[in-house]
Amino acid sequence: MRRQNVIIVGAPRSGTNMLRDVLCSLDGVETWPCDEINYIWRHGNISFPSDEIPPSKVTAALSEYIHRQFNWVAAKYGAHTVVEKTCASSLRIPFVDKVLPDSKYIFIYRDGIDAVGSARLRWTATLDIPYLLEKVRFVPLLDLPVYALRYFKSRLHRLTSSDKRLAFWGPILHDMDEILINYTLNEVCAIQWQRCIESAENAFREMPQDRVFRLSYEEFVSQPELNLINIAKFLSLEFDQQAIEKSIAKVSSESVGKGREALGDSEVEVLEKLVGETLGRYGY
């Protein structure tokens, strides 16, 4: 069968990891042995100030480099389907599509308030050495000194700032510095969520719809078997019932509503005023 590349798109803490792990538990479907490959996507554009990289920044050399990375996964693991998930790519779908014009996309979205409750924990997280080492393996060597300095500055900021947060986390918006000055951490997370899904949706509207599969996190965790079967059909893949059941065995709906609960009614009200229009558009 002809190899295919599948890009999972979604805002941070929206179920992208869960969906990737479910898919990659199926035979012939593989990914990188790390959480994300934003370092690979940003190679050649490391000095670009945000993750909103335009398609004009794609060069022949960059495209060839990224194709090599996808080919590496396919060859190393014998994959017919390579799955990639980097949340920041939701801000640059036209860029991604110029590099991989034959790829298919799975767009997963989640209640933005729940996502905020989860994302704020990552902004204030302690150092996770094993997680960091997994990602470092896929940093282009020429870019390593730059990322090392950025990471050190971010960690230093967490130690010295009053709110004990990192200097940056998640998709970097073009006006991130201004947002961090003018909004609370919860509001920053909400704006990240909003920009990610709106940017992705705007890009997907311009694509043939047979290349995009949309679903909500809440849909998937409530009916994982049905939704996985539908995704497999979208990707023209077939798996037996036992494989399907095994791949969704750890899917749980326990996290639905937890972010809202943790934030409390007054904070939820503030966030709904900030991103309510987008929440409503997606049925939240």
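The values are calculated or read from the model by the stated rules, or taken from the named source; none is laboratory data. Given the structure is predicted, the values throughout are model-derived calculations rather than measurements. So basically every Cβ, Gly included, is an ideal-geometry build from the backbone, and we count neighbours across all protein chains shown.
Table for the structure above
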read-out	value
Pair list, Cβ under 7 Å, 6 or more apart: the range 257-283 residue charged (D, E, K, R), other residue exposed (fewer than 12 other Cβ atoms within 10 Å of the Cβ)	none
Single match in Ile53, Ile7 (criterion: under 20 Å from Glu201 (Cα atoms), aliphatic (A, V, I, L, M), in contact with a Lys or Arg (Cβ under 7 Å, 6 or more places away or on another chain) and in contact (Cβ under 8 Å) with a residue 12 or more places away in the chain)	Ile53
Qualifying residue in the range 252-273 (condition: surrounded by fewer than 19 Cβ atoms within 10 Å (Cβ to Cβ) and on the phi > 0 side of the Ramachandran plot)	yes
Single condition Val139 does not satisfy, out of (1) within 17 Å of the chain's Cα centre (by Cα); (2) at pLDDT below 95; (3) not in a helix (DSSP H, G or I)	(1)
Single match in Glu269, Glu225, Glu201 (criterion: outside any strand (DSSP E or B), within 25 Å of Glu30 (Cα to Cα) and either touching a Leu at 6+ places or on another chain (Cβ under 6 Å) or at pLDDT 95 or above (or both))	Glu225
Counted residues, the range 233-254 - those being touching an Asp or Glu at 6+ places or on another chain (Cβ under 7 Å) and closer than 28 Å to Gly112 by Cβ	1
Those residues of the range 36-64 which are touching a Pro at 6+ places or on another chain (Cβ under 6 Å) and outside any loop (DSSP other than H, G, I, E, B), in sequence order	Pro55
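Residue-by-condition table, conditions (1) at positive phi; (2) in a helix (DSSP H, G or I); (3) at pLDDT 90 or above:
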position: Thr126; (1), (2), (3): no, no, no
position: Arg155; (1), (2), (3): no, yes, no
position: Pro171; (1), (2), (3): no, no, yes
position: Glu178; (1), (2), (3): no, yes, yes
